[in-house]
Structure formats: C-alpha cells, structure tokens
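The structure appears below as structure tokens.
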Amino acid sequence: MPNKKIYRYTNLELLDQIKNGSSKTLVNQAQVELDKRDLSHLELNKLEEEYVKFKAYQEKRRDEPLTKEEWFNFFFWSFLQPNSRWIKDSFSESEYERFQTHGFDKKTKQATEAKIFGFIFWFIIATVLIFFVFPKLGL
C-alpha cells in the first residue's frame, strides 16, 4: 500500500499496519487514524474478528498451488506473447510479479517450473519442425 494515503486505508488495513507494520512512523500514523475514526467497542471487536479471518485467508492463499488455468498460462503463453518495446503488458509476467509481491512462494516456484517446462516443450516442437517436418515438405 505504498501509494495510498493513510486516511484512505480501510479499518482492516489500518489494524494490519498497526499489528504488522515495520515502520514505527507508519504504525503511529495508523493508530492515530484508527483513533480518529472513533469506533465503538463493538465495532472494534468485530474488526478484530474480521482481522483474524483476513489473516487466516491470507495464510491459506500463501499455501495454495497454481490452478490448472494459471499453470497452462505460464506453460504455453510465456513464450508466445509479444515482447516489444511498446507493449509491456505480459499476463504471465504481471502474475509472476504479483505472486512475488504478495509472498505466494509456492505459486512463484510452480510458475517458474511451468515456464521452464514450457520452454523445453516449445524447443522440442521447434526442433521437430526444423529437422523432421520441413525437410519432408521440401522447405
């Protein structure tokens, strides 16, 4: 959340910043902002419950493997997408960066493996075409 002003944080994001913030300044700013919102004890208790659910969901997401669709995207499309100076929008690269940013280590490792297997697959396809198919066609 580096590009977001502290007053735009949700209550859940503020609580997460307070509990897990690495910068004392940001933690203090988050605490001041949460205090400004003047939440009742009932709202604070509900926020704590939501925070526990949020953290459990976050941990679950960290341990999830790639879905079949994600795996096939990394396997097949990593090498077929245009790679020009003007087009910087590569789905597999942006997904890979998102996995790294959010700490999805298992998905990052599996994405790397899928890209390697994809490279080997396309290399074998190109080799077969060059040495076996094209000579028989007279090309």
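Figures for the structure shown
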read-out	value
All positions within the stretch 13-22 that are open to solvent by less than 80 Å² (accessible area, probe 1.4 Å) and touching a Phe, Trp or Tyr at 6+ places or on another chain (Cβ under 8 Å)	LEU15, ASP16, GLN17
Within the stretch 118-130, considering residues that are out of contact with any helix residue (DSSP H, G or I) (no Cβ under 6 Å at 6 or more places or on another chain) and in contact (Cβ under 8 Å) with a residue 12 or more places away in the chain, the one farthest from LEU66 (Cα to Cα)	TRP122
Filter result (outside any helix (DSSP H, G or I) and open to solvent by less than 60 Å² (accessible area, probe 1.4 Å)) within the stretch 28-63	LEU39, SER40
Those residues of the stretch 1-12 which are at pLDDT below 90, surrounded by 15 or more Cβ atoms within 10 Å (Cβ to Cβ) and in a helix (DSSP H, G or I), in sequence order	ILE6
Qualifying residue in the stretch 28-46 (condition: under 19 Å from SER92 (Cα atoms) and either among the β-branched types (Val, Ile, Thr) or under 24 Å from the mean Cα position of the chain (by Cα) (or both))	no
Among (1) within 24 Å of THR112 (Cα to Cα); (2) among the charged types (D, E, K, R); (3) at pLDDT 90 or above - the single one ARG62 does not satisfy	(3)
Residue list for the stretch 89-100, restricted to those being touching a helix residue (DSSP H, G or I) at 6+ places or on another chain (Cβ under 6 Å), under 9 Å from PHE74 (Cβ atoms) and modelled with pLDDT of 80 or more	TYR96
Subset of the stretch 101-131 (residues that are open to solvent by 100 Å² or more (accessible area, probe 1.4 Å) and either modelled with pLDDT of 85 or more or among the charged types (D, E, K, R) (or both))	ASP105, LYS109, PHE117, PHE119, PHE123, PHE131
Number of the exception - THR25 against (1) modelled with pLDDT under 90; (2) open to solvent by 80 Å² or more (accessible area, probe 1.4 Å)	(1)
Hey, GLU70 within 30 Å of ALA126 (Cβ to Cβ) and either among the basic types (Lys, Arg) or at pLDDT 85 or above (or both) or not	yes
Which numbered condition TRP86 misses (of (1) over 16 Å from PHE72 (Cβ atoms); (2) modelled with pLDDT under 80; (3) surrounded by 10 or more Cβ atoms within 10 Å (Cβ to Cβ))	(3)
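The values are calculated or read from the model by the stated rules, or taken from the named source; none is laboratory data. Remember, predicted model here, so these are calculated numbers, not experimental data. Cβ: placed from backbone, ideal geometry, glycine included. Neighbour counts: every protein chain shown. Just so you know, the surface numbers come from the protein's heavy atoms only, side chains and all, with ligands and any DNA or RNA stripped out. Shrake-Rupley method; radii C 1.70, N 1.55, O 1.52, S 1.80 Å.
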